Every structure is written in C-alpha cells, then in structure tokens.
1. If the requirement is being surrounded by 21 or more Cβ atoms within 10 Å (Cβ to Cβ), in a loop (DSSP other than H, G, I, E, B), at pLDDT 95 or above and out of contact with any Lys or Arg (no Cβ under 8 Å at 6 or more places or on another chain), which of these qualifies: His364, His368?
2. Is it true that some residue in segment 195-207 is in contact (Cβ under 8 Å) with a residue 60 or more places away in the chain, crowded, with 24+ Cβ neighbours inside 10 Å, among the small types (Gly, Ala, Ser) and more than 9 Å from the ligand (Cβ to nearest atom)?
3. Of all residues being part of a helix (DSSP H, G or I) and either crowded, with 20+ Cβ neighbours inside 10 Å or among the charged types (D, E, K, R) (or both) in segment 391-413, which is nearest to the ligand (Cβ to nearest atom)? Just the residue, please.
4. Quick check on His314: is it free of Cβ contacts under 8 Å to residues at least 12 places away in the same chain, farther than 23 Å from Lys242 by Cβ and surrounded by fewer than 21 Cβ atoms within 10 Å (Cβ to Cβ)?
5. Would you mind finding the one in Leu85, Leu164 that is assigned by TED's automatic domain parsing to the domain that holds Thr21, near the ligand (Cβ under 10 Å from one of its atoms), at pLDDT 95 or above and among the hydrophobic types (A, V, I, L, M, F, W, C)?
6. What are the pairs, 6+ residues apart or on separate chains, where a residue within segment 91-106 that is within 9 Å of Val468 (Cα to Cα) has its Cβ under 8 Å from a residue that is outside any loop (DSSP other than H, G, I, E, B) and more than 8 Å from the ligand (Cβ to nearest atom)?
7. Just to be sure, is Arg352 of a type outside the set (Ser, Thr, Tyr) and assigned to a strand (DSSP E or B)?
8. For segment 128-143, give me the residue count where each residue is among the aliphatic types (A, V, I, L, M) and within 14 Å of the ligand (Cβ to nearest atom).
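The values are calculated or read from the model by the stated rules, or taken from the named source; none is laboratory data. Note that the coordinates shown come from a computational prediction; the quantities given were computed from them, not determined experimentally. Note that each Cβ is placed from the backbone with ideal geometry, even for glycine, and that neighbours are counted across all protein chains shown.
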Amino acid sequence: MTLETPREHAQAGGGLPLGLTPDRIEQLRALLRGGLVRPEDADYEESCRVYNAMIQKHPALIARCSDVADVIAAVGFAREQGLTLAIRGGGHNGGGLGICEGGLVADLSRMRGVRVDPSARTVRVAGGCVWGDVDHATHAFGLAVPSGIISTTGVGGLTLGGGLGHLTRRYGLTIDSLLAVDMVLADGRFVTASAEQHPDLFWAVRGGGGNFGVVTSFLFRAHPVGTILGGPTLWPLERAKKVMQWYREFIPAAPEELNGFFAFMTVPPVAPFPEHMHLKKMCAVVWCYTGDPAHADELFEPVRALAPALHGVHAMPFPVLQSVFDALYPPGLQWYWRADFVKELGDAAIARHVEFAERLPTMHSSMHLYPIDGAAHRVGPHDTAFSFRDAQWAEVIVGVDPSPDKAQVISNWTKDYWDALHPYSAGGAYVNFMMDEGQERVQATYRDNYARLVEVKNRYDPDNLFRVNQNIRPTAEGAALH
Ligand SMILES: Cc1cc2nc3c(=O)[nH]c(=O)nc-3n(C[C@H](O)[C@H](O)[C@H](O)COP(=O)(O)OP(=O)(O)OC[C@H]3O[C@@H](n4cnc5c(N)ncnc54)[C@H](O)[C@@H]3O)c2cc1C
C-alpha cells in the first residue's frame, strides 16, 4: 500500500473543516504578515514536518506568525472558527504537540529575536527561538540561561514544561530563571505575566506548558557562564551496575557547579571516539562543570578512579557543549519516548536498567537520568506549577532510529523498559518527556498542583482553546476572564 502524502491527505478532505470558507481563509491570509500555508502550497509538506518523523499530522492551515499581531490573528481565527489550534515553537516535542490534524497551526518559528541586557543580566527571547539562538547571543557577554542539552530544541516548549539541562544543579530549572512572559490569551488579549502582573498566570506557565496562551516573548535572568569543563566519561556496559551505584551517591553530594547526566549509549562510529569503541554499548556521564577550574582535578578524581574507558572532559565554550549532540540527533529521526521521575535509584532498579541497556535496539536509542537537585531543590513544589521538586532524577527512555522500519522495534523496547522501571519511580513524569499518555499521567505529574492549574485554566482558557499539549482540562465552561 502506498501511503498518501500530507498534501494528498488534506486535499482528500482531511484538511478543510466544515464551515471554513475560502473567503474566510483569504481574510486570515490578509491579516498575516508572515503568510499562510495551505495543503495546495508547494511548501506545505515541508511545513508539516516536525522533529520527530514518527509524527505525521496534516493541519488545514499553517499561520506563519512573524509578530504578535499575527499571533493575535491566528488565535482569533481558530477561536471564531472552532478550529483545533496547535502552537509550534521549536517543533521538537516528542508527541508532536507543535502540530495538529486538520486544524490551524500557529507556527512561531519566524519569531526569533534575542536581546541581551548585559548590565541587568537579562535576556528577552522571542517566542519561536531555539536554544542555539539564545546561547549564541548570551555567550558574547559571558552569560547563559539554563536550558537543555540540544541547541535545536525550542525555547517555548522546553521553558513552559520546566527545563532540565546542564545548568540545573547550579542555577535551577529554566523556569527558575524566568522573570516574565508576554502572552496572547484565548480571548485575544495581550498580557504580561510576572511576579507582579497576573501572578496566577505566571505561576501556571512555569511548568504548566502551553495550556494558558501563546507566549510571544520570554524575559530570563542570565547567569555568568563562559568557558566550562564539559564532555562525557564512558565505561563498558559490563561496569554499568557499579557505575550507577557510584553515580547515585556521587551526584547528590557533588558541588552544585558540577552537573552530570547519566546515559546508556552505543558509541557512534565517529571521531573523537577511538575506533575500538565504535558501536560498543556503554554507559556514560556527560559533565558540565561551571566552577573554578583550579578545583577540577580534585573534583574529577573519583571519576578517574573508576577507570573509565574514556574521560573526554575538556574546556570549551558553553555553546559548544550545548550543540555537541546536534549532529547525532538531526531532525527527521523516528522517536518513541517514555519517562518518569525518580527519587531513589535502588539496586533492584539498577539491575533492570542494565538488563535493558544490554538490549539497546539501535545506535541512537538511549536512557538518560537528569539530576533535579541543587538549585532546583531550593524552589518549593508549590512555588511554580512544576511539582516534582523532591525528585532526584528525571528518567527518560528514548527509542530512536532513522528508519521507519525500526518504529515497532524501538517503540516495543521503550515500552517494555518503561514497564519494568515504572514500579521503582516516583509516579509522574517530566511533561516534556511524555508523549500522548492520557489524563491520568498528566494529573500524576502535577500532583496537588493540578487543582490550582485547573482554576487558572478556568480563568484564562475556559473553553480549552489551547488543548494541543499535556492538557489541563477546564471545568468552568464559559467562566469570565479577569
Ligand atoms: C532531541 C531532544 C532533546 C531534548 N532535550 C531536552 C533537555 O535537555 N531538557 C529538557 O527540558 N527538554 C528536552 N527535550 C524536550 C523538550 O523540552 C520538549 O520536546 C519541548 O516540548 C520542545 O519544545 P519546542 O518548542 O521545540 O516544541 P513544540 O513541538 O514546538 O511545542 C511543544 C509544546 O509546547 C507548546 N509551545 C511551544 N512554544 C510555545 C509558545 N511560545 N507559547 C505557548 N506554547 C508553546 C506547544 O503548543 C506544544 O504543546 C528534548 C527534546 C528533544 C527532541
């Protein structure tokens, strides 16, 4: 059977929702400075692609927003026409939440400005930026904003879900450096949310995802980060049990200037990895040390004492570490995700981890444990919508491969691995590492913050216009906004 292309699908009737007339579409087109893409357009298929090639969705309309006015027009159109509305930031979401089937996508990827204020140490970031844009702009001033580990990830989705990465232990989650957001709400109003203005909304967007509106600009506090010591240390998989047992003690006791996420991996057959290690399954810790280099030798002494096969830690500009995995994980691979928060890494869990690492199904597949301690633990579970401040790790299992033929194999491995480890977890998962896993998982993730999120949702988006996300369901249909 030949699969139809997105364009064929939309033209076959999957695209134009009932009541959407060509006239109304032309009116929207006239309102948009960034342009409108429809299934008959030459760039439609390209515009439908998101980072995860396993996701194939076919919107009726893609509004390329170039400014806030375009966002207001797109949101208003979706509301008036009763269309499903997806907001696309960097398009990286594992579950493909930056795109939708048959509705309207507000694509922010052209809203890319970054303005650093070096004296105030703040950064203003447009809603469609990716982290590489921010790292490039801030590094010129010896500054950085905590983000993730890949430079092509969108600022929008990553920040609104929380934001875990190389600087978490030192400076907290990305939301802990967020000072304010400019937003377009469901009713078309434009507001700023901060500690002083719409504090309820500001609380909710720090972890509650894109549930409350379209963020057109983020204001972050930046931190002094320039050259860091970073890179991976690798051990043979046979040593994984010992390394994990050591890692679970080492990281919580390490100074906050040192971050290290744990990974199972298959060594890619490229430099700088020595040939004899190519395609070997191994375990690794990827380090980022932002402290005084004079203390580095002493700090890494216990790491070297574990006799690694490779200790590849070097001085490098922070943006280099941020983009070091970009080439290994280009857009267009097949991805299947599962995740959990973890409080304790016991011996029984480690045994199961090692079992599944031995069966890593493809070179790109992996399991990561990201520390969520240090500065991230100093913010309380109710201070922002991100509830699991008491977790020690965010665990994510990813089955990844370039070939669609491997989709089943990587999905099965990921699901089986997750099933085996979930009983050892803390319950919920980091929203940005989840696919479409149902309402129970969303509630388990927000725990007792969920009720407050529903209140804020009722106030700002009572009709659930913003629902292509890990959805907070409103209960008060038609409740008045304030
Ligand atoms: C290779 C890879 C590496 C990753 N590494 C990390 C990591 O190190 N740390 C980490 O924390 N996460 C990481 N993630 C997860 C990442 O945070 C999520 O995939 C996130 O959703 C991506 O954001 P995006 O803007 O690119 O996604 P999109 O697919 O564009 O959007 C995702 C969700 O966010 C909403 N959204 C996006 N922008 C806006 C906006 N401006 N206003 C309102 N809503 C918006 C969308 O509506 C959608 O619901 C990684 C993902 C990938 C694929």
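1. His364
2. Yes, the conditions are met somewhere in segment 195-207.
3. Ile410
4. Considered against the rule, which asks whether it is free of Cβ contacts under 8 Å to residues at least 12 places away in the same chain, farther than 23 Å from Lys242 by Cβ and surrounded by fewer than 21 Cβ atoms within 10 Å (Cβ to Cβ), His314 comes out as no.
5. Selected residue: Leu85, the only one of Leu85, Leu164 that is assigned by TED's automatic domain parsing to the domain that holds Thr21, near the ligand (Cβ under 10 Å from one of its atoms), at pLDDT 95 or above and among the hydrophobic types (A, V, I, L, M, F, W, C).
6. Here the result reads Gly98/Val105; Ile99/Cys48; Ile99/Val105; Cys100/Leu85, each pair linking segment 91-106 to a residue that is outside any loop (DSSP other than H, G, I, E, B) and more than 8 Å from the ligand (Cβ to nearest atom).
7. no
8. Residues that pass the stated criteria total 2.
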